[in-house]
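S.K.: Here it is: the structure, laid out below.
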Amino acid sequence: MEAAQRVLLIDLENMIGPVNPRPELVRGRITALVRAAGPVHHALACYARTEPELDVIGNVLTEMNVPSRVVAPGPDAAEKALLAHARYAHDRGCRTFSVASADRSFTALAEFGDFDVIAWTNQQVSTRLQAAARQVLRVPRSGPATGPAPVYRTPGPVLPLLSALTTGIGIGLGHFLVERLVNRVTPPGAPRRSGGRSR
């Protein structure tokens with residue numbers, strides 16, 4: 001793997017809930033999380049179940065081409081499994097991660113490189129996790145009827161720069177169009193103006 005190739009880690013219980021949700025809800029929310037992450041090398045979803053043979057979530061994730069790992073219930077069991085996979089990816093060269101979770105356990109990702117947090121709008125995210133992350137992407141919760149919704153990114157240092165750049169481009173384009181219009185409507189033989197100077 002290359003350092004810039006992103007790995008998406010999905011804490012399924014944190015993002016969907018500990019009880020067996022309807023398959024349609026899983027599809028809608030996983031789709032929203034995957035879209036928010038953008039291009040990734042691969043993803044891994046983890047969750048705990050006492051009777052994995054009766055679980056339908058894994059079938060839905062397989063159908064969606066999202067690999068999953070079922071772990072035995074225990075304190076931070078899914079989080080530990082996802083962090084173990086992050087270490088594996090790091091050992092293979094990965095230095096860029098996205099984690100769909102609000103759990104502070106994932107501050108440990110800072111040991112492996114840069115990471116973004118993906119969380120639902122109005123979901124309470126650990127203060128420590130927010131401080132350690134490069135950015136927090138807020139995604140409206142998606143249900144089976146509404147489907148995935150647009151992603152809202154918290155402002156970072158890059159966004160004001162892009163805003164200034166696009167503003168400058170807009171001003172320059174406006175000047176260019178006005179100059180073309182003025183030159184086009186100037187009567188023949190009259191002095192033409194360009195950039196404030198007579199030709």
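The values are calculated or read from the model by the stated rules, or taken from the named source; none is laboratory data. Computed from a prediction, not measured in an experiment: that's the story for all the values here. Note that we place each Cβ from the backbone using ideal geometry, even for glycine, and neighbour counts take in every protein chain shown. The area values use the complete protein model at the heavy-atom level, side chains included, leaving out ligands, DNA and RNA. Shrake-Rupley method; radii C 1.70, N 1.55, O 1.52, S 1.80 Å.
S.K.: Suppose we keep only residues that are over 23 Å from Thr31 (Cβ atoms) and out of contact with any strand residue (DSSP E or B) (no Cβ under 6 Å at 6 or more places or on another chain) within region 130-142. Which one would you say is surrounded by the fewest Cβ atoms within 10 Å (Cβ to Cβ)?
M.R.: Ala131
S.K.: Now, a different point. Which numbered condition trips up Pro21, out of (1) within 23 Å of Ala77 (Cα to Cα); (2) touching a strand residue (DSSP E or B) at 6+ places or on another chain (Cβ under 6 Å)?
M.R.: (2)
S.K.: Related question: Tell me, yes or no, whether region 48-69 has at least one residue that is hydroxyl-bearing (Ser, Thr, Tyr) and assigned to a loop (DSSP other than H, G, I, E, B).
M.R.: Looking for residues that are hydroxyl-bearing (Ser, Thr, Tyr) and assigned to a loop (DSSP other than H, G, I, E, B), one finds at least one in region 48-69, hence yes.
S.K.: Here is a further query. How many residues are open to solvent by 20 Å² or more (accessible area, probe 1.4 Å) and not in a strand (DSSP E or B) when one looks only at region 94-122?
M.R.: Of the residues in that region, 11 qualify.
S.K.: Restricting to region 71-88, count the residues that are in contact with a Lys or Arg (Cβ under 9 Å, 6 or more places away or on another chain) and surrounded by 15 or more Cβ atoms within 10 Å (Cβ to Cβ).
M.R.: Count: 5.
S.K.: Does region 49-66 contain at least one residue that is of a type in the set (D, E, K, R), crowded, with 21+ Cβ neighbours inside 10 Å and in contact (Cβ under 8 Å) with a residue 12 or more places away in the chain?
M.R.: No, the conditions are met nowhere in region 49-66.
S.K.: Yes or no: Ile16 at pLDDT below 95 and either open to solvent by less than 30 Å² (accessible area, probe 1.4 Å) or under 20 Å from the mean Cα position of the chain (by Cα) (or both)?
M.R.: Yes.
S.K.: Part of a helix (DSSP H, G or I) and more than 23 Å from Val139 (Cβ to Cβ), is that true of Ala78?
M.R.: It is false that Ala78 is part of a helix (DSSP H, G or I) and more than 23 Å from Val139 (Cβ to Cβ).
S.K.: Identify the residue in region 19-47 that is touching a residue at least 24 places away in the same chain (Cβ under 8 Å), assigned to a loop (DSSP other than H, G, I, E, B) and over 20 Å from the mean Cα position of the chain (by Cα) and, among all such residues, is surrounded by the most Cβ atoms within 10 Å (Cβ to Cβ).
M.R.: The qualifying residue surrounded by the most Cβ atoms within 10 Å (Cβ to Cβ) is Pro21.
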